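Okay, structure first, notes after.
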Amino acid sequence: MKNWYTIKAAADGKSAEILIYDEIGVFGVSAKAFLNELNSLKGLKTLHVRINSPGGSVFDGMAIYNAIARHSATVITYNDGIAASMASIIMLAGNTIEMADNALFMIHNPVGFAFGDAEDMRKNASVMDKLKATMVSIYASKTGLGESEIESLMDDETWFDATEAKEFGFIDNIGDTIDIAASFNI
């Protein structure tokens, strides 16, 4: 089974590193396996979460965001290449958020698929509205921007370089350039 993440505990048991370097929650891998591994790490002082992901499942992403945000360790998240869509939400779970100076950050409205009659489509639209409201709240809480400004940025599918992400308040620090591979196996 393909994993889209890796968790490695340091030899001293005081820190661990999580790599989220692929789509989130696809190919049959649920957030459950991720959360089980994360919850098995006990006594950590620092948790480093490194992200290079185009995003993925909103529901898996929210579960991962919440698990990382409530972790007892000090969490430092890093955007090593791209944190788009749900990966941008997960990135905001850190106590400190850093982005490589050559990385990209993207936010947009949640998307979904619906099958059924007109009433099914209306119900799906209502769920999409609720998901967007949750995402807007997370972005606004981190940045201090108003919800209407965040909604506008999401409506426009906005891409940020590191300088812009810092100016808008999505990140705390700009890190060094990181050499990354420009490919994903989607």
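Some observations on this one:
- Remark: spin-label model distance residue 35-residue 120 equals 2.7 nm, labels positioned 7 Å along the Cα→Cβ axis.
- Between 0 and 90 degrees, the angle of helix 58-69 with respect to the longest Cα principal axis of the chain falls at about 40 degrees.
- Projecting the Cα atoms of 106, 44, 34 onto the dipole axis of the chain, where Lys and Arg carry +1 and Asp and Glu carry -1 at the beta carbon, places 44 farthest toward the positive end.
- Peptides 64-70, 42-48, 76-82 ranked from most to least packed, by the mean per-residue count of other Cβ atoms within 10 Å: 76-82, 64-70, 42-48.
- For the range 13-55, the pair-distance distribution built from all alpha carbon pairs, in bins 5 Å wide starting at 0, is 6, 19, 25, 27, 14, 8, 1 percent.
- Summarising the amide proton neighbourhood of residue 175: residues at separation of 5 or more, or on other chains, whose placed amide H is nearer than 5 Å comprise 99, 100, 101.
- Part-to-part distance (alpha-carbon centres) for the range 95-155 and the range 36-91, which is given in Å: 17
- Cα shape, the range 103-181, gyration tensor, a/c 1.5 rule: prolate
- For the chain, accessible area per residue (1.4 Å probe, heavy atoms of protein chains only), Å²: 51
- Subtracting the Cα-Cα distance of residue 149 and residue 6 from their residue separation scaled by 0.36 nm leaves 48.0 nm.
- The range 28-103 - convex hull of alpha carbons, volume per residue in Å³: 74
- Degrees, to the nearest 10: 118-143 long Cα axis against longest axis of the chain: 40
- Cα-centred dipole magnitude for the range 32-186, charges only on beta-carbon of K, R (+1) and D, E (-1), debye, nearest 20: 840
- Cα-based Lys proximity count in the chain, under 18 Å, for pairs eight or more positions apart or on separate chains: 10
- Each principal axis of the Cα cloud of the chain was evaluated for its coordinate range; sorted largest first, these ranges are 57, 37, 32 Å.
The values are calculated or read from the model by the stated rules, or taken from the named source; none is laboratory data. Just so we're clear, the structure is a prediction, and the values are computed from it rather than from any experiment. With ideal geometry, Cβ positions are generated from the backbone for all residues, glycine too; neighbour counts draw on all protein chains shown. Heavy atoms of the whole protein, side chains included, go into the accessibility calculation; ligands, DNA and RNA do not. Shrake-Rupley method; radii C 1.70, N 1.55, O 1.52, S 1.80 Å.
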